[in-house]
Amino acid sequence: MLNQLLTERFADRRLRILDSACGIGTQALGFAKSGHMVTAADISEAAVRRARHEARIRDLDISFAVSDMTYMSGIAGTDFDVIAVLDNALPHLSETQVRSALTASASKLVPNGLFLASIRDYDEVLKQRPAIQQPAFYGSPGARRIVHQVWDCINETRYVVHLYITLESTRGWMAHHFVSEYRCILRSELSNELEAAGFRDVQWLMPDESGYYQPIVLARRVQSTVDPD
């Protein structure tokens, strides 16, 4: 579905894509499988190692880098057609860091290049103030996975997520607990920050429009009018 969004906007051509918060490579793998030239980066060395392994076993050609998306100093090139920041990566950042990340993204895109991000629907989250995300079940007997979250509010905009993953194997069940802090970013706030960073044509697609599980924001880098000579 993400590749379809790109196809609609780039006339079905091969793109240079930077996944600047790739994690273990979920979206980068999909972009590469669709035939794009992909660079994937993350601040976590462990995540990049896992992503590189996943690409290798799938025989996918992806360039990897360990880099902070607020500066992108470890990423060569400024000619990306698309920069993707998916799966709620931006809300890990402070207001200042979000501005830095968007400015860094603009500097890496070609003129009229596309910024693509997804975040939780925080407009709705702040209305409901959920304390838990109900368990989700995956897999089949003998290799099942149960995932659920507990949310602890810190203040009006920040919260801590406790992610619990329970895995079934031939050795029985094993539980894992991960903790991360997020900041609720409203759609209007992110739209304003994108425009301040030099983007235009900001567009939001909700899950019922895009088929993706989170709201998606799209924006174009402003075409420079400065003569390079």
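The values are calculated or read from the model by the stated rules, or taken from the named source; none is laboratory data. What you are looking at is a predicted structure, and each value in this text was computed from that prediction instead of being measured. We place every Cβ from the backbone using ideal geometry, glycine too, and count neighbours over all the protein chains shown. Ligands, DNA and RNA are stripped out before the accessible areas are found, and what is left, the full protein with its side chains, is counted by its heavy atoms. Shrake-Rupley method; radii C 1.70, N 1.55, O 1.52, S 1.80 Å.
Exactly one residue out of Leu18, Leu2 is open to solvent by less than 20 Å² (accessible area, probe 1.4 Å), at pLDDT below 95 and closer than 22 Å to Asn88 by Cβ, and it is Leu2. For Glu181, the requirement of being without any contact (Cβ under 8 Å) to a residue 12 or more places away in the chain, under 22 Å from the mean Cα position of the chain (by Cα) and open to solvent by 50 Å² or more (accessible area, probe 1.4 Å) is not met. Each residue in segment 138-153 was checked for being open to solvent by 90 Å² or more (accessible area, probe 1.4 Å), over 15 Å from His176 (Cα atoms) and out of contact with any Lys or Arg (no Cβ under 9 Å at 6 or more places or on another chain), and 1 pass. I'm trying to understand the selection: among the residues of segment 112-137, which are exposed (fewer than 11 other Cβ atoms within 10 Å of the Cβ) and either touching a residue at least 12 places away in the same chain (Cβ under 8 Å) or over 27 Å from Ser20 (Cα atoms) (or both)? Within segment 112-137, Lys127, Gln128, Arg129, Ile132, Gln134, Ala136, Phe137 qualify. None of Thr7, Thr78 is of a type in the set (Val, Ile, Thr), under 19 Å from Ala117 (Cα atoms) and out of contact with any helix residue (DSSP H, G or I) (no Cβ under 7 Å at 6 or more places or on another chain) except Thr7.
Among the residues of this structure, Phe199 counts as one that is touching a helix residue (DSSP H, G or I) at 6+ places or on another chain (Cβ under 8 Å) and within 28 Å of Phe115 (Cβ to Cβ).
Tally up the residues in segment 56-78 that are among the basic types (Lys, Arg) and under 18 Å from Ile17 (Cβ atoms), please. Qualifying residue count for the region: 1. Within segment 97-136, which residues are in contact with a Phe, Trp or Tyr (Cβ under 7 Å, 6 or more places away or on another chain) and of a type outside the set (A, V, I, L, M, F, W, C)? Scanning segment 97-136 gives Ser100, Ser105, Lys108, Gly113, Ser118, Pro130. Out of the residues in segment 67-93 that are open to solvent by 40 Å² or more (accessible area, probe 1.4 Å) and under 22 Å from Glu181 (Cβ atoms), state the one that is nearest to the chain's Cα centre (by Cα). Step by step, filter segment 67-93, then rank; the result is Asp87. Across segment 115-133, which residue is farthest from Thr78 (Cα to Cα) among those that are charged (D, E, K, R) and assigned to a helix (DSSP H, G or I)? The selected residue is Lys127. Exactly one residue out of Arg120, Arg171, Arg129 is of a type in the set (Lys, Arg) and on the phi > 0 side of the Ramachandran plot: that is Arg129. Lys33 meets the conditions (1) open to solvent by less than 60 Å² (accessible area, probe 1.4 Å); (2) out of contact with any strand residue (DSSP E or B) (no Cβ under 8 Å at 6 or more places or on another chain) in every case but one. The failed one is (1). Selection within segment 52-66: residues that are among the aliphatic types (A, V, I, L, M) and under 25 Å from Leu93 (Cα atoms). The member of this set that is least open to solvent (accessible area, probe 1.4 Å) is Ala65.
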